[in-house]
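First comes the structure, then the notes that go with it.
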Amino acid sequence: MNTAVLAPRDTPVRQRVHWTDRLAHLALALVVLALLAFLAGPLFTLLLKAVQNDQDRFVGLANFISYAQTPALMQSVWNSVWVSAVVTLVTVPAAFVFAYALTRSCMRFKGLARTITLVPLLAPSLLAAISLIYWFGNQGVLKSWMLALGIEQIYGAPGIVLAEIFSTFPHALMILVTALSASDARLYEAASAMGTSSRRTFFTITLPGAKYGLISAALVVFTLVITDFGIPKVIGGNFNVLATDVFKLVIGQQDFHRGAVVALLLLAPAVLTFAVDHWVSKKQTAMLTARAVPYRPKQVPWFDRLMALYCAGVCLLILAMLGMAVFASLATFWPYNLQPSLKHYTYGLFEAEVGTAFINSLLMATGTAVFGTLLVFSGAYLLEKTQGARPLRSMLRLLAMLPMAVPGLVLGLAYIFYFNEPSNPLNGLYHTLTLLTVCTVVHFYTTGHLTAVTALKSLDPEFEAVSASMKVPFYKTFWRVTLPICTPALVDIARYFFINAMTTISAVVFLYSPGTKVAAIAILNLDEAGEIGAAAAMAILIAMANTVAILLFMALGWWVGRRTQAWKQP
């Protein structure tokens, strides 16, 4: 007998990589390459610009030191910080009480109240600033009320604070409603059985359970305010903040190096917020277990009426802001001739040529929704449902989370430095609608990615395991199983991309050309030209377009649900 045949092999048998795995790895590499080219590359260029002089020579921290020695610019830093802090201190408690009313009371018309609070998301943030000018400006309806309170004018810090509260309220509310919804009724039943007062129950059960939601809401609101450009531009007056400083340095003074410095300063709070939120989320414990009982609020007439009164007041303020913008857009000549007419709409769409910009916005939003959803979901699928290529997967996971920490204004400025470089092979994209679409996709990439990952994680990994054992290629499993089950999430991602693309300003304010101007930027230009009525009209048109889009996405979701979600029916 030949013993050599029976002896164990000294070298391990090399596993063959199936061609479908190689295809998956290639697709994964393409997604990583796209994010490197359109996210990491521009940010690295921005960093280089901040440490170079006009001759592109390395100067270290010289630009930062020069900036710190300019009193007016340092005042902008302080203005940004304290305004953001004030808005956070007002918005988060107000949103918490509203969320508490929605989740812990038996008040009527909860759905209507929740819907009204979503109104600020449908229009650009500067709609609030325009409405405040009509309410409290020099010719405002309630100008005398403001003077009675000792406030000389709405322009500056007061206007920015009020407009930012209106703009950020829905973001904080969404987080807090989610936090308060995750409650175990058994804790409250035990507290009631022990005779614990409602006040003590609130401070020992409700508030600790929602503390991570409160922290996340505060971080989100602070970051949104300190990086917002539209509201300070419209109603800020001579009150300078970091976002407007970047615009003045880059567009007004052509000082790109100091503009890069301010952009990095704007990036700092966003990165800090992201780091704190990540640290907090790791310490968060599950509020619901497998044995948890859903919390059902009990009727307490006086409390329900109080909560209904509070929510009605908040909804009334939101509708007043929207209603004033609608009224002003229809007024013939404010405040002397208030007869309704379509003068501002016709002027904005035709004479000011905003109609072309509006079409550009629709094209950009549609492109963002379609291609952004494809890229996000493909990347999430390759990350969660394929094996191997660990370095690529780690890099994709990092790059997918990075946009959350990058403000739109910073990303837009980075795109200028990166794509305006003649030696860049992608230089041909500069000043095109394609680049605006790509920038918007990258700007909102993280939220779409997290949504897709959440949907994919809900699927049993056995789908892929069984497919592999039956020699079924991964793309067939993706097309026949994964994609149909996850279509509701795809519709949600596409809707998110579309609405945000229609309203974004900061991400594209540096990138447009006369031929690729979008509607949100056109509103800024109308306001600068003193055509505030036309600006209000165009903002209302964007809100109307987003409302129609939401209805269409709802119809699409219903159709998709009937075609692909029949397995959920009993």
Subset of the range 32-58, residues surrounded by fewer than 17 Cβ atoms within 10 Å (Cβ to Cβ) and touching a strand residue (DSSP E or B) at 6+ places or on another chain (Cβ under 8 Å), comes to 58
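Yes/no matrix, rows are residues, columns are (1) in a helix (DSSP H, G or I); (2) aliphatic (A, V, I, L, M); (3) at positive phi; (4) crowded, with 19+ Cβ neighbours inside 10 Å:
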| residue | (1), (2), (3), (4) |
| --- | --- |
| 360 | yes, no, no, yes |
| 367 | yes, no, no, yes |
| 376 | yes, yes, no, yes |
| 388 | no, no, yes, no |
| 400 | yes, yes, no, yes |
Residue count, the range 551-570, condition at pLDDT 75 or above and not β-branched (Val, Ile, Thr), comes to 9
For this session: Determine whether residue 99 is farther than 29 Å from residue 265 by Cα, in contact with a Cys (Cβ under 7 Å, 6 or more places away or on another chain) and not basic (Lys, Arg).
Result: no
- [ ] Test residue 423 against the criterion of being surrounded by fewer than 22 Cβ atoms within 10 Å (Cβ to Cβ), outside any helix (DSSP H, G or I), out of contact with any strand residue (DSSP E or B) (no Cβ under 9 Å at 6 or more places or on another chain) and hydroxyl-bearing (Ser, Thr, Tyr), and give yes or no.
- [x] yes
Margin query: Being among the charged types (D, E, K, R), touching an Asp or Glu at 6+ places or on another chain (Cβ under 7 Å) and either under 23 Å from residue 522 (Cβ atoms) or modelled with pLDDT under 90 (or both) is the requirement here; does residue 343 meet it?
Written below: no
Considering residues that are acidic (Asp, Glu) and either touching a strand residue (DSSP E or B) at 6+ places or on another chain (Cβ under 6 Å) or assigned to a helix (DSSP H, G or I) (or both), the number found within the range 516-545 is 2
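Conditions tested, residue by residue: (1) modelled with pLDDT under 85; (2) not polar (S, T, N, Q).
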| position | (1), (2) |
| --- | --- |
| 431 | no, yes |
| 454 | yes, no |
| 460 | yes, yes |
| 466 | yes, yes |
So, first residue free of Cβ contacts under 8 Å to residues at least 60 places away in the same chain and more than 18 Å from residue 501 (Cβ to Cβ) in the range 423-438, second residue charged (D, E, K, R) and surrounded by fewer than 14 Cβ atoms within 10 Å (Cβ to Cβ), Cβ within less than 7 Å, six or more apart or across chains; the pairs are 427/421
Yes or no: residue 37 more than 30 Å from residue 476 (Cα to Cα) and in a helix (DSSP H, G or I)?
-> no
Checked the range 110-123 for anything part of a helix (DSSP H, G or I) and closer than 18 Å to residue 547 by Cβ; matches are 111, 112, 113, 114, 115, 116, 117, 119, 120, 121, 122
Within the range 291-347, the count of residues that are surrounded by 14 or more Cβ atoms within 10 Å (Cβ to Cβ) and of a type in the set (Lys, Arg) comes to 1
Note on the range 304-333: residues touching a Pro at 6+ places or on another chain (Cβ under 9 Å) and closer than 15 Å to residue 167 by Cα are 318, 321, 322
Determine, yes or no, whether residue 163 is more than 20 Å from residue 523 (Cβ to Cβ) and in a helix (DSSP H, G or I). no
Filtering the range 44-64 for residues that are in a helix (DSSP H, G or I) and under 25 Å from residue 229 (Cβ atoms) leaves a count of 9
Residue set 309, 338; condition in a helix (DSSP H, G or I) and free of Cβ contacts under 8 Å to residues at least 40 places away in the same chain; output residue 309
Residue count, the range 132-150, condition in contact with a Phe, Trp or Tyr (Cβ under 8 Å, 6 or more places away or on another chain) and either in a loop (DSSP other than H, G, I, E, B) or not aliphatic (A, V, I, L, M) (or both), comes to 9
Within the range 148-184, the residues that are within 22 Å of residue 297 (Cβ to Cβ), hydroxyl-bearing (Ser, Thr, Tyr) and under 19 Å from the mean Cα position of the chain (by Cα) are 178
Of 209, 237, 213, the only residue that is part of a loop (DSSP other than H, G, I, E, B) and touching a helix residue (DSSP H, G or I) at 6+ places or on another chain (Cβ under 8 Å) is 237
Sole miss for residue 116 among (1) modelled with pLDDT under 90; (2) surrounded by fewer than 21 Cβ atoms within 10 Å (Cβ to Cβ); (3) touching a helix residue (DSSP H, G or I) at 6+ places or on another chain (Cβ under 6 Å) is condition (1)
If we keep only residues of the range 65-109 that are free of Cβ contacts under 8 Å to residues at least 40 places away in the same chain and in a helix (DSSP H, G or I), then the residue surrounded by the fewest Cβ atoms within 10 Å (Cβ to Cβ) is 71
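Residues are listed down the side, and each one gets a yes or a no for (1) closer than 18 Å to residue 415 by Cα; (2) at pLDDT 90 or above; (3) among the hydroxyl-bearing types (Ser, Thr, Tyr); (4) buried (at least 24 other Cβ atoms within 10 Å of the Cβ):
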site: 500; (1), (2), (3), (4): no, yes, no, no
site: 518; (1), (2), (3), (4): yes, yes, no, yes
site: 527; (1), (2), (3), (4): no, no, no, no
site: 530; (1), (2), (3), (4): no, no, no, no
site: 539; (1), (2), (3), (4): no, yes, no, yes
Filtering the range 220-232 down to residues that are buried (at least 22 other Cβ atoms within 10 Å of the Cβ) and part of a helix (DSSP H, G or I) yields 221, 222, 223, 224, 225, 226, 227, 230, 231, 232
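The values are calculated or read from the model by the stated rules, or taken from the named source; none is laboratory data. This is a predicted model, so every value here is computed, not measured. As a convention, Cβ positions derive from the backbone with ideal geometry for all residues, glycine included, and neighbour counts pool all protein chains shown.
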